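The values are calculated or read from the model by the stated rules, or taken from the named source; none is laboratory data. The structure displayed is predicted, hence computed values, not measured ones. Counting neighbours? That spans all protein chains shown, and the Cβs are built from the backbone with ideal geometry, glycine included. Areas reflect the complete protein model, heavy atoms only, side chains present, ligands, DNA and RNA absent. Shrake-Rupley method; radii C 1.70, N 1.55, O 1.52, S 1.80 Å.
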Amino acid sequence: MRAKGFRILYISLYLLLCLIPSAGFIVGGGEDSAERENRASRPSLFLADGRLNINYPAQAGAWFEENFAWRTELVSINARIQSCLGISAQEDVILGRDGWLYYRETLNDYTGSSQLSDRTLYDIAHTAAMSQEYCMFIGADYLFVVVPDKVTLYPEYLPYYCAHKVADSSNRVRLKEFMEQEGVHYLDLTDRLLEEARKNKTDSEKEAFRLPMLYHRTDSHWTNEGAAVGADAILTELDTDHNDYLWAEAEIRTDFKGDLETMLYPAFPTKEEEVYYDPAPAYGYLNEVKSTYDPFIQTVSGGNGQSLLMYRDSFANALLPFLAESYSTGCFSRAVPADLLFDMNSCSPTAVVVEHAERNIPGTAGPSVIMQALPSSLDPEDADLFQTDARIECETEEANPYFTRVSGMFDTAPDAGVRIYADPGDGTLYEAMPVFLQNDNKEGFVLYFPADTFHASEDLRRQVRVYLTSK
């Protein structure tokens, strides 16, 4: 009898727990719960024309799954329980040692298990070289910056089953070689950050007011101090006068919520320490800005009488204050592709910085820059050129309708170092930007022509001729 009573109690408690999400609707849970944006909307049993909605069961299930009462709280509790067993409830988050969390996407870069081809790395470097040439022609310095992933700086906190490397090199290390070959002004922040990280562990003066780590334990990005180190390296590389925050007065507050921690435990992420400088970098906004995540930000400061144009990813959110303070005006864009022609005209920069996190290097191999194709001095009859077949497309560029985009795809990838030229039908060769088309897993190219001169049409597509160098 005692065993039977225990089974009844167990089943009752189990059913009660299962009813909590549904019962919660009665007391105000469900759709009014926090973080309900972008979730499935409540379905209707009948369609607008009065017919029965035959997809109602599936839609109702999807709606309930995303809107049941206390969803974020229950999801967070489940994740906490699993983490105690060494299991991550989020596929994209790796549970490291001593409370460290890692973004799974960065693991391939660290282990070397996802290597880009030499041709694809050449695509990135040569497109950067073409962008640099264009910027220098306009009169602006150019700098391509790579920020290392957190796992590159702090691999010692990885779980043992993730730490095994399958290659000695990485996309970041190999890209540097191609950048040097192409003559690109290039800065890999890894060595500088590693040097400063060692100082943080050994310098007793800094320990009085600084964090021991330059990247957050529970976030995929660097701390404000890590960003200050990166900014110092960038501004020094550009020979730009700037304030030195590496030894500035600072305070530590325990108020930072990591993005990885929030992914795991959305209802109650723990907070960790962050560095705040006093006084903070001085600058203002010229446009309405909600946060440094905004797609386009314009800044103003006392600065140095110069202007900055920066194409960036999320790592530059913390970089922005230091760079904005150092330039009289700044334009910070997250646009992809980067409309270099438009931004150069509207921002009139004296310096152009292109910043990418290590994990985003593969994405830079795609069509990443909009700039007008310039005529080459080469002739189609040149002995170093040979005509080749490519699948051609012509269309108006969505990001900038004043341009016609001519793109192509090769069935067989050219070797690294082979340049691509196109004749749109006027007998002139224009050098194309080499790209890797990830959706098709093919090498290709792209050029941008003024739409009022070359109209996107079937005639233009048929008359384009493509040439490769013989290298």
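For segment 415-425, a residue qualifies if it is part of a loop (DSSP other than H, G, I, E, B) and in contact with a Leu (Cβ under 6 Å, 6 or more places away or on another chain), and exactly one does: Val418.
In segment 193-202 there is no residue matching the filter, namely being open to solvent by less than 10 Å² (accessible area, probe 1.4 Å), closer than 30 Å to Thr254 by Cβ and of a type in the set (Lys, Arg).
Restricted to segment 439-465, and to residues there that are surrounded by fewer than 19 Cβ atoms within 10 Å (Cβ to Cβ) and assigned to a strand (DSSP E or B), the residue that is nearest to the chain's Cα centre (by Cα) is Lys442.
On inspection, Phe386 does not qualify as assigned to a loop (DSSP other than H, G, I, E, B), among the aromatic types (Phe, Trp, Tyr) and over 21 Å from Met179 (Cα atoms). On the basis of being in a loop (DSSP other than H, G, I, E, B), open to solvent by less than 20 Å² (accessible area, probe 1.4 Å), under 22 Å from Glu355 (Cα atoms) and touching a residue at least 12 places away in the same chain (Cβ under 8 Å), does Leu246 make the cut? So Leu246 passes the test. Report, by residue number, each residue of segment 277-301 that is of a type in the set (A, V, I, L, M), in contact (Cβ under 8 Å) with a residue 24 or more places away in the chain and open to solvent by less than 90 Å² (accessible area, probe 1.4 Å). If the condition is that a residue be of a type in the set (A, V, I, L, M), in contact (Cβ under 8 Å) with a residue 24 or more places away in the chain and open to solvent by less than 90 Å² (accessible area, probe 1.4 Å), then Ala280, Ala282, Ile297, Val300 are the ones that fit.
Which of (1) under 15 Å from Ala365 (Cβ atoms); (2) open to solvent by less than 20 Å² (accessible area, probe 1.4 Å) does Ala140 not meet, given it meets every other one? It is condition (1) that Ala140 fails.
With respect to Ala228, determine if the residue is crowded, with 16+ Cβ neighbours inside 10 Å, in contact (Cβ under 8 Å) with a residue 40 or more places away in the chain and more than 23 Å from Gly96 (Cβ to Cβ). In short, yes.
Looking across Val336, Val353, one residue alone is hydrophobic (A, V, I, L, M, F, W, C) and not in a loop (DSSP other than H, G, I, E, B). It is Val353. Among the residues of segment 159-192 satisfying the criterion of being assigned to a loop (DSSP other than H, G, I, E, B) and at pLDDT 95 or above, which is nearest to the chain's Cα centre (by Cα)? By that ranking, first place goes to Leu189.
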